[in-house]
Each structure stands twice: as structure tokens, then as C-alpha cells.
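The values are calculated or read from the model by the stated rules, or taken from the named source; none is laboratory data. Here the structure is a predicted model, which is why all the values come from computation and not from measurement. Cβ sites come from the backbone with ideal geometry, for glycine too, and all protein chains shown count toward neighbours.
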Amino acid sequence: MPQEALWFLVIGVLLMFVALARGPIARLPLTGAMIYLVAGVLVGPGMLGLVRTDLAQSVRTLTIVAEAGLVVSLFSVGMHLRVPLRDPLWRLSLRLGVLAMVVGVALMFAFAWAIGVPVGVALFLAAALAPTDPVLASELRVHEAGDAEPVRFALSGEGGLNDGAALPFALLGLALCGVSMPGTHGVVQFAASLVWGVAGALLIGAGLATLCVRLVLLLRTRYGEAVGLDGFIAIGLMSVTYGAALLAHAYAFVAVFAAGVALRHAELRATGEQRRPAEELETVQLGERAQVATDPRRAHVWLAEGMTGFTLEIEHFAELSLLLIIGCVVSAHWRDMLEPHALLIALALVFVVRPLAVLVAMMGSRADRQQRRLMAWMGIRGVGAFYYAVWGIDQAGDTMQPVLAAALDAIVISVALHGSTAGYVLGRYYRRTQAQS
């Protein structure tokens, strides 16, 4: 009972501190992710011992928790990207989320293999470290639906794409370690599973989101039903999309991101590009909500904004929970994290692999030199890397233990360095952009 009371106390104090000190935190080289991570380390088995067990022994539970957090985050990011698909901004996200990821996986695989990591583990490690996580530094993601600032949009789109895009490399790594994975028995089968994994995910995500929007708006605008509980609709759509993609053997993370993008673009087509959603709803009074939700002219934007706001709040709670868990795992495995190979891999990722991969991927793009440098530096690692690390252990056992240590090193280094520098470097970039305009 005393330990349970302490947990309630710690969580409560942490939530209130981050909420009440939001202004000072924003003015300092700090992020909420850094605070949550440090708190997790402090309460873990290596420090205060409020968590006495090694959470990494419960890899199945950790995998499911991280998986759920990623689903919410990917859907939320997709809902924020309110730019037409024909807009050149999407090319920047594709360059980062696909091309830079592939180059980064190749470079990291070569480095890990060169320092003695077995080939299968090296490939899985490269895939696990590929996903980025702009959620962990608010300056790196789009501020609201309709935000078209190139750096923020590109980094947000990258984070939405590469969690799913890393999966085929992870599956190949597991197959090379002797784990039987679907779609990896032969070159033709792998190519077919790759094509279907992406195409099926896009079809499932976009199709279910479109169907959901049409059904809800039909019930609201024609019959005055299904008004309210937009959060339930958001969670239901995320869950159905993810489950359907898994059953269809498509890349489920890509499907959830596609669902968020498709739902937002349904609103964009209905509302138009001239006004942002926040402007469309800024005059709505408290007593007018039911009328707005059933108004054919504004029902699209009301639904989209309601779901976006709800998923953003859930995303904040998921960030807190997962960073606390990661901090507890760091507290239990800090000795493994000091192993030279793990440290070398994490440092190479942050200072060599990420910058080189982005610079190669951005060759010939519309991004200017400063934007390319910012994107090259701001490749924050977080929940995606942790998910793949614990999922790998769940699939292959102790063979993948080195991946966990390297992933934890990368997360700690990235959250500290990128979180503390994001405000400064992006502030300089914004000031230069304003001076030129």
C-alpha cells in the first residue's frame, strides 16, 4: 500500500508540475520528455526502487503498451497534416520518411556489422533505430492542422511514415536470426509482401477513414444522431484500422497514419484551403455545439477538430507513460548501456548516420541549406525505437538483447541533445526566415 500511494503521488506531482510550469519549461532548454525520462530513471530499480522489478523482463506487456502509444501518436500526426496531397511539402516528408530511412538503415547496418554485431542482429538493430519521434519535442511537429512550415511539416510527416517503413527491414533481420517471419521465405514472396504491406495499408487506412466520416456525417446531418463522443469515434477508428491491417498482413502503422491523413483530408476537401479549422470554429458558442455538429457546412470540421483534440490529449498521456517506462528500463539496464558497442552505435546514429542519410535524401529537393541542416540534426529517437527493441526480444529472445541497450542509449542521447537544442536552433531558423520575408 505505501508503494501504491507513492506512485499516485509521483504521477500526480509530475502531471501538475508539467502543466503548471509549461511556460518556464518552454523558455528553458527542457522538454516534457526529458522530465518524464529522468523521473522514470529516479523511480526505477537503479535509484529509488519504487519500481523494484526489471520491466524489460515483461517484454510482451511492454510491446503492447508501446504499440498502443505509437498507434495514437501516428493517428494524431496524420490528423495534423492538413496540406493537399499534391503539395510539394509531401515530397519532403517522403524523402525523409522513406529515402533517408533506407539510407540510414544501410549505413547503420554496415557500421554495426563492421564492429562485430552478427548480420541478422545488425540489420534488425538498424531497423529499430530508424524511426523518428517528433512528438517528444513539440517544436519539431506541426503546431496545428494547416501548419505548412516546411521543417515542421517534413519532420512530422517523417515520423508518421518511418515507424511502418522500418518493418520490412526488421522482419528481414529476424529472418536472418533464424526466426520464421511471414513474407520472408524467398525474394519473390518478400517483394510481394512488401508491395501489399504498403498498398494494403494505404487502402485500409484511407478506406476505413472515409467510410467512418461518411457514416458519422450521414447520421449527424440527416438524422441528428451520433452527436458527441468524438473521442470514442477516434479510438474506434484507430483500433479498427490497426486490427484490420494486422489481419490483412499489411503494415498496420502505415494504415493508422493513412487513416489520420485521410480523415483530415476529407475535412480539407469539405472546408477548403482558404481558412484553417480553428478559424472556422472560433465563433462557436457553448450552446451551439450540437447545431454545429449537425450543420452540413461545418460538420466536417467539427468532427475532425474534435477527434484531433482528443487524440492530442491521449498522446500527451501516452508520452508520459511510455517515457516513464523507458526511464525505468534505463534505470535497470544502465550498466548494459555503458557497453562500448552500444554507446558507439548510438553516437554514430546521432552524429554520423542521421546527418548523412538526410543530406543524401535531400539532394535535389526544394529545401534550402539551413532547412537541410536542421532536418539532418533533428532526428529525435523515442518510442518507435523502444517498441522495435522490445518486440525483437519478444520474437527472438536474448539474441536481441544488444538491440535494447543500443536503443536505450540512442533514446537518452537523442532526448537530451535534441530536446535541449530544438528551441534554440529552430528559433534561429524562424528569425532568419522572418527577416527574409
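Couple of notes before you dig in:
- Candidate set: region 175-198, residues that are in contact (Cβ under 8 Å) with a residue 24 or more places away in the chain and outside any loop (DSSP other than H, G, I, E, B); chosen: the one surrounded by the most Cβ atoms within 10 Å (Cβ to Cβ): GLY197
- Counting the residues of region 55-69 that are under 22 Å from LEU14 (Cα atoms) and touching a helix residue (DSSP H, G or I) at 6+ places or on another chain (Cβ under 6 Å) gives 4.
- From ALA357, ALA348, residue being surrounded by 21 or more Cβ atoms within 10 Å (Cβ to Cβ) and not acidic (Asp, Glu): ALA357
- The residues on offer are PHE351, PHE317, PHE310, and the sole one that is among the aromatic types (Phe, Trp, Tyr) and at pLDDT 95 or above is PHE351.
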